[in-house]
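What follows is one structure encoded as structure tokens, with my remarks underneath.
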Amino acid sequence: MTAFDNIRPADDAALEEAARILRAGGLVAFPTETVYGLGADATDDRAVAAIFEAKGRPRFNPLIVHLPEAAAAEGLAVLDDRARALAQGFWPGPLTMVLPRAASCPVSLLASAGLDSLALRVPGHPLAEALLRRTGRPLAAPSANRAGALSPTSAGHVAASLGDRVPLILDGGPCPLGLESTVVDLTGRRPVLLRPGAVTREALEAALGPVAGPGSNEAIKSPGQLSSHYAPGLPLRLDATGAGPREALLAFGPKVPEGAAVTLNLSPSGDLTEAAAKLFAQLHALDRPGLEAIAVMPVPETGLGAAINDRLRRAAAPRG
Ligand code: TXA
Ligand code: MG
């Protein structure tokens with residue numbers, strides 16, 4: 001008897017089972033050349049919410065979306081000449097590009113934490129590629145560890161950190177690089193290195209010209225770095241117990257007050273995973289011209305509620 005029976009060698013049968021779980025909205029941990037990722041179908045809001053739940057993250061950080069090949073980026077994000085040059089030079093490999101989301105991007109808004117950008121990467125590990133091809137969906141995948149823990153570079157690390165929070169861990173041996181991917185933001189005029197990694201700044205500059213470092217003016221302007229990086233146009237009124245006729249109501253739970261101009265419910269049954277899955281899409285939908293505010297009912301601070309409330313508080317914070 002082993003302590004964890006959710007680790008399986010990544011043979012053909014295990015890959016098939018992994019693809020089945022992912023297509024059904026479940027989570028699978030898988031090896032990449034950098035670290036193990038905790039993957040979910042990036043187009044499925046609830047599956048993406050389950051990632052945050054399993055990691056126990058206190059806030060919704062945007063996630064990297066993994067693709068089997070560069071061509072799969074079309075339709076998800078807007079690639080300019082710089083992005084194409086980096087894709088050509090560094091994919092598959094340990095480079096993540098932050099790009100503007102395409103107009104009809106099917107990736108969950110929760111995966112971009114409500115931003116209008118998307119982080120994309122084509123991993124250079126044969127098992128990751130095989131899994132992506134079999135699943136036929138883009139996979140959102142942060143490092144496969146509980147929040148605050150070290151990134152896992154073996155299947156055993158994943159099991160030690162996540163235990164039975166993930167139904168299947170594909171064992172592909174140790175990760176060859178063992179360090180997270182380089183993250184470069186191409187949403188602005190000047191490229192910004194958001195996270196150093198195996199693809200060096202020098203290598204990026206050889207392809208792009210000057211690249212601003214983390215902490216530069218450009219980096220501070222980059223949306224992923226701002227404390228209130230998604231704020232609706234309407235002000236938010238938190239802890240609302242009712243709403244007026246000029247307000248939109250973001251409800252939670254079974255007891256919803258009447259009187260709002262328009263109401264959407266994060267989860268009529270009070271399920272926090274469902275609420276996280278719907279949060280960004282409902283905020284966008286309620287952010288309508290002609291109304292005065294979005295009134296938000298209280299959400300419990302337990303489990304994923306902490307991350308939901310963190311985002312609501314930041315969206316409600318005074319704009320500067
Ligand atoms: O090597 C890796 O990148 C691993 C493997 C699994 O691919 N993944 C990984 O994911 O390290 P994670 O979630 O631990 O780190 C993602 C990084 C974070 O620093 C996040 O802020 C940044 O990428 N990021 C993701 N989307 C972004 C966006 N739209 N704008 C700015 N930064 C973004
Ligand atoms: Mg991480």
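For region 1-119, the calculated P(r), taken from all Cα-Cα distances in 10 Å bins from zero up to the bin holding the longest distance, is 12, 40, 35, 11, 2, 0 percent. Using a cutoff of 8 angstrom between alpha carbon atoms and counting only pairs six or more residues apart, the relative contact order for the chain works out to 21 percent. Measuring nothing but alpha carbons in the chain and taking Rh as the Kirkwood radius, the Rg to Rh ratio lands at 0.99.
Simple spin-label estimate for D81 and A160 gives 4.9 nm between the two label positions (7 Å along the Cα-to-Cβ direction from each Cα).
Distant-in-sequence amide contacts of R237, defined by a placed amide H-H separation under 5 Å and a gap of 5 or more residues or a different chain, comprise I294, A295, V296.
Near the amide H of I7, within less than 5 Å, lie the amide hydrogens of I169, all on another chain or at least 5 residues away, with H placed in the peptide plane. The alpha carbon centroids of region 146-168 and region 20-91 are separated by 17 Å.
Ordered by the count of other Cβ atoms within 10 Å of each Cβ, fewest first, L27, L250 give L27, L250.
For region 85-235, dividing the convex hull volume of the Cα atoms by the residue count gives 153 Å³ per residue. Average projection, convex hull of the Cα set of region 160-203: 5.1 square nanometres.
Shown here for region 251-320: GluC sites (Glu not before Pro) in loop regions (DSSP other than H, G, I, E, B) with at most 12 other Cβ atoms within 10 Å, namely E258, E301.
Percent antiparallel among DSSP beta bridges with both residues in the chain, to the nearest 5? Bridges in the chain are about 40 percent antiparallel.
Just so you know, all these numbers are worked out from the coordinates, no wet-lab data involved. From a predicted model like this one, the values you see are computed outputs, not experimental measurements. When we count neighbours, we look across all protein chains shown, and the Cβ atoms used for this are built from the backbone with ideal geometry, even at glycine.
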